[in-house]
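Just below is one structure, and these are the notes that go with it.
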Amino acid sequence: MRLREKGYVTELLAAEAERVVAHHAAAHRNRSLFLWLALSAPHTPLQAPEAWLRRQPKAWDPLLRVYSAMVGCADAAVGSTIGALRRYHMMPSSLVLFLSDNGGPVMPSVCNGG
(Lines give C-alpha, C1' and ligand atoms only; values in the text may rest on other atoms or scores of the structure.)
Protein backbone atom coordinates (compact mmCIF):
# COMPACT_ATOMS: atom_id res chain seq x y z
CA MET A 1 0.00 0.00 0.00
CA ARG A 2 1.34 3.41 -0.93
CA LEU A 3 0.93 6.35 1.35
CA ARG A 4 1.38 9.93 0.25
CA GLU A 5 1.21 12.63 2.86
CA LYS A 6 1.89 16.30 2.36
CA GLY A 7 4.21 18.02 4.76
CA TYR A 8 7.76 18.19 5.98
CA VAL A 9 9.08 14.70 6.63
CA THR A 10 10.56 15.57 10.04
CA GLU A 11 7.15 16.75 11.25
CA LEU A 12 5.35 13.79 9.65
CA LEU A 13 7.71 11.30 11.34
CA ALA A 14 7.25 13.02 14.70
CA ALA A 15 3.47 12.84 14.37
CA GLU A 16 3.71 9.13 13.53
CA ALA A 17 6.00 8.50 16.51
CA GLU A 18 3.47 10.17 18.81
CA ARG A 19 0.70 8.06 17.27
CA VAL A 20 2.70 4.85 17.84
CA VAL A 21 3.36 5.76 21.49
CA ALA A 22 -0.32 6.59 22.09
CA HIS A 23 -1.50 3.38 20.42
CA HIS A 24 1.00 1.28 22.34
CA ALA A 25 0.00 2.86 25.65
CA ALA A 26 -3.65 2.09 24.96
CA ALA A 27 -3.30 -1.41 23.51
CA HIS A 28 -0.18 -2.85 25.18
CA ARG A 29 0.13 -1.02 28.48
CA ASN A 30 2.57 -3.35 30.23
CA ARG A 31 4.61 -4.49 27.25
CA SER A 32 7.88 -3.12 25.94
CA LEU A 33 7.99 -0.80 22.95
CA PHE A 34 10.91 -0.37 20.58
CA LEU A 35 10.59 2.86 18.62
CA TRP A 36 13.26 3.96 16.18
CA LEU A 37 12.72 7.56 15.10
CA ALA A 38 15.24 8.10 12.31
CA LEU A 39 15.05 11.74 11.30
CA SER A 40 16.78 12.80 8.11
CA ALA A 41 17.20 16.40 9.25
CA PRO A 42 19.48 18.16 9.13
CA HIS A 43 20.71 16.71 5.89
CA THR A 44 20.90 17.69 2.27
CA PRO A 45 18.97 18.90 0.49
CA LEU A 46 18.75 21.79 2.91
CA GLN A 47 15.05 22.60 3.09
CA ALA A 48 12.89 23.70 5.98
CA PRO A 49 9.27 24.67 6.59
CA GLU A 50 8.53 28.36 6.21
CA ALA A 51 7.35 28.59 9.82
CA TRP A 52 10.77 27.45 11.02
CA LEU A 53 12.61 29.73 8.60
CA ARG A 54 10.73 32.75 9.98
CA ARG A 55 12.12 31.98 13.45
CA GLN A 56 15.72 32.43 12.28
CA PRO A 57 17.50 35.80 12.31
CA LYS A 58 17.17 37.54 8.95
CA ALA A 59 20.75 38.83 9.24
CA TRP A 60 22.15 35.30 9.02
CA ASP A 61 23.47 33.78 5.82
CA PRO A 62 20.52 32.13 3.98
CA LEU A 63 22.14 28.69 4.11
CA LEU A 64 22.72 28.98 7.85
CA ARG A 65 19.10 30.06 8.35
CA VAL A 66 17.85 26.94 6.58
CA TYR A 67 20.24 24.67 8.47
CA SER A 68 19.25 26.23 11.79
CA ALA A 69 15.57 25.85 10.93
CA MET A 70 16.12 22.18 10.15
CA VAL A 71 17.87 21.63 13.49
CA GLY A 72 15.06 23.43 15.32
CA CYS A 73 12.44 21.31 13.60
CA ALA A 74 14.34 18.11 14.41
CA ASP A 75 14.65 19.22 18.04
CA ALA A 76 10.90 19.85 18.18
CA ALA A 77 10.27 16.38 16.71
CA VAL A 78 12.34 14.75 19.43
CA GLY A 79 10.64 16.94 22.02
CA SER A 80 7.15 15.94 20.90
CA THR A 81 8.11 12.26 20.97
CA ILE A 82 9.57 12.60 24.49
CA GLY A 83 6.40 14.51 25.41
CA ALA A 84 4.27 11.58 24.27
CA LEU A 85 6.36 9.17 26.36
CA ARG A 86 5.84 11.45 29.37
CA ARG A 87 2.11 11.89 28.69
CA TYR A 88 1.58 8.13 28.72
CA HIS A 89 3.88 7.57 31.74
CA MET A 90 6.39 5.59 29.69
CA MET A 91 9.38 7.88 30.19
CA PRO A 92 10.60 6.43 33.53
CA SER A 93 11.22 3.07 31.87
CA SER A 94 12.50 4.45 28.56
CA LEU A 95 16.01 4.53 27.17
CA VAL A 96 16.55 7.34 24.67
CA LEU A 97 19.64 7.39 22.45
CA PHE A 98 20.73 10.17 20.10
CA LEU A 99 22.91 9.06 17.22
CA SER A 100 24.27 10.72 14.10
CA ASP A 101 25.48 9.16 10.90
CA ASN A 102 28.01 11.90 10.25
CA GLY A 103 29.45 15.15 11.55
CA GLY A 104 28.27 18.67 10.99
CA PRO A 105 28.17 20.35 7.61
CA VAL A 106 31.10 22.15 6.07
CA MET A 107 29.71 25.62 6.80
CA PRO A 108 32.10 27.80 8.81
CA SER A 109 29.59 28.80 11.47
CA VAL A 110 28.48 25.24 12.28
CA CYS A 111 31.38 23.03 11.13
CA ASN A 112 32.71 20.73 13.84
CA GLY A 113 36.12 20.20 12.30
CA GLY A 114 37.72 18.10 9.60
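Hey, any idea what % of the chain's accessible area is carbon plus sulfur with a 1.4 Å probe? Kindly include the intermediate steps, with their values, before the conclusion.
Numbers: 4860 of 8500 Å².
On the chain, the fraction of accessible area on carbon and sulfur atoms equals 57 percent.
Once the C-beta distance of SER93 and ALA38 is scaled by a Förster radius of 25 Å, the resulting FRET efficiency is 0.70 to the nearest 0.05.
Between 0 and 90 degrees, the angle of helix 62-87 with respect to the longest Cα principal axis of the chain falls at about 10 degrees. What is the Cα centroid distance between the stretch 20-44 and the stretch 78-92, reported in whole angstrom? If you average the Cα positions of each part, the centres end up 10 Å apart. Protein heavy-atom accessible surface, 1.4 Å probe, per residue over the chain: 75 Å². Each listed q (0.14, 0.15, 0.16, 0.23 Å⁻¹) maps to a log10 I(q)/I(0) for the chain from the Debye sum over equal C-alpha point scatterers, namely -0.68, -0.76, -0.84, -1.27.
Out of the trypsin sites (Lys or Arg not before Pro) in the stretch 32-74, which ones are loop residues according to DSSP with at most 11 other C-beta atoms within 10 Å?
On the way: sites: ARG54, ARG55, LYS58, ARG65; in loops: ARG54, ARG55, LYS58.
Sites meeting the loop and neighbour criteria: ARG54, LYS58.
Note that the stretch 3-11 has calculated 3J(HN,Hα) couplings of 10, 10, 10, 8, x, 8, 4, 4, 6 Hz, one per residue in order, obtained from phi through the Karplus relation 6.51 cos²θ - 1.76 cosθ + 1.60 (θ = phi - 60°); glycine and proline are x.
Just from its helices, what would the mean residue ellipticity at 222 nm be for the chain, if runs of 4 or more DSSP H residues each count -39500 (n - 2.57) and the sum is divided by every residue, rounded to the nearest 500 deg cm²/dmol? Walk me through the numbers on the way to the answer.
Numbers: 3 runs with 49 residues, N = 114.
One gets -14500 deg cm²/dmol as the mean residue ellipticity at 222 nm.
Residues in the stretch 52-59 carry Karplus couplings, in order, of 6, 5, 5, 7, 8, x, 5, 6 Hz; the curve used is 6.51 cos²θ - 1.76 cosθ + 1.60 with θ = phi - 60°, and Gly or Pro positions show x.
The values are calculated or read from the model by the stated rules, or taken from the named source; none is laboratory data. Treat the numbers as computed from the prediction; the structure is a model and nothing was measured. Because the Cβ atoms are built from the backbone with ideal geometry, glycine has one as well, and the counts that use them run over all protein chains shown. Just the protein is used for accessible areas: all its heavy atoms, side chains included, with ligands, DNA and RNA removed. Shrake-Rupley method; radii C 1.70, N 1.55, O 1.52, S 1.80 Å.
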